1. Within region 24-52, can you find the residues that are surrounded by 19 or more Cβ atoms within 10 Å (Cβ to Cβ) and touching a residue at least 60 places away in the same chain (Cβ under 8 Å)?
2. In this structure, does residue 21 turn out to be buried (at least 18 other Cβ atoms within 10 Å of the Cβ), assigned to a loop (DSSP other than H, G, I, E, B) and in the same structural domain as residue 90 (by TED's automatic domain parsing)?
3. Scanning for something over 15 Å from residue 197 (Cα atoms), surrounded by fewer than 21 Cβ atoms within 10 Å (Cβ to Cβ), free of Cβ contacts under 8 Å to residues at least 60 places away in the same chain and touching a strand residue (DSSP E or B) at 6+ places or on another chain (Cβ under 9 Å), does region 90-112 turn up at least one residue?
4. From the list 77, 55, which one is within 20 Å of residue 111 (Cβ to Cβ), in contact (Cβ under 8 Å) with a residue 24 or more places away in the chain and within 13 Å of the chain's Cα centre (by Cα)?
5. Taking region 31-48 as the region of interest, how many residues are assigned to a strand (DSSP E or B) and farther than 15 Å from residue 14 by Cα?
């Protein structure tokens, strides 16, 4: 457990705090739980990973705390309600990863590993750099178009109309994207796409839809 970076879980729900802490400890990752940002130490000089709920007011406060008092830190956001738009917002705000809770142990472990990698590389938490670029480079032009439209909130039906292809073909492209990026759902694909720096939500088009899968 000493080999892994400690995860500071900031959550006002006692049940959620206990559940997340238990799952982290089961993975051999030391966790420290806090009710809110005000309970954190005055300063943290060692590497640390913060885990905070996407909908929590602490989400904004922790970013200021990291800048002022925890210079060597990374952040993971989670939500109990799946939604690709939340993953987009989390990565744009500097999270190393976004987790839908409850999370499978393997996905939670991978999120922590990504945050640890960001710390080792001494990069901004939002950057997963070469790993993401390498993965998206495997996508075909059409797969990139489909992924870009998904990021911008388009449903399968809308993408089919835009690209003049059938909804079934869109679904095939979406499955291929998940397979090539080695992820299980669209939210994780968006994390990698945005981290690569090669995909950008179009502000005039973006609106949450049911594109998450």
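1. Selection gives 24, 29, 49.
2. Taking the combined requirement at face value, the residue does not satisfy it.
3. yes
4. Within the list 77, 55, the selection yields 77.
5. Residues in region 31-48 being assigned to a strand (DSSP E or B) and farther than 15 Å from residue 14 by Cα: 1 in total.
Quick grid of which residues meet (1) surrounded by fewer than 16 Cβ atoms within 10 Å (Cβ to Cβ); (2) within 30 Å of residue 73 (Cβ to Cβ); (3) in contact with a helix residue (DSSP H, G or I) (Cβ under 6 Å, 6 or more places away or on another chain); (4) modelled with pLDDT under 80:
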| residue | (1), (2), (3), (4) |
| --- | --- |
| 124 | yes, yes, no, yes |
| 130 | yes, yes, no, yes |
| 135 | no, yes, yes, no |
| 143 | no, no, yes, no |
| 149 | no, no, yes, no |
| 152 | no, no, no, no |
| 186 | no, yes, yes, no |
| 195 | no, yes, yes, yes |
| 211 | no, no, yes, yes |
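The values are calculated or read from the model by the stated rules, or taken from the named source; none is laboratory data. Values in this document were obtained by computation on a predicted structure and should not be read as measured data. Using ideal geometry, Cβ is built from the backbone for each residue, glycine included, and neighbour counts are taken over all protein chains shown.
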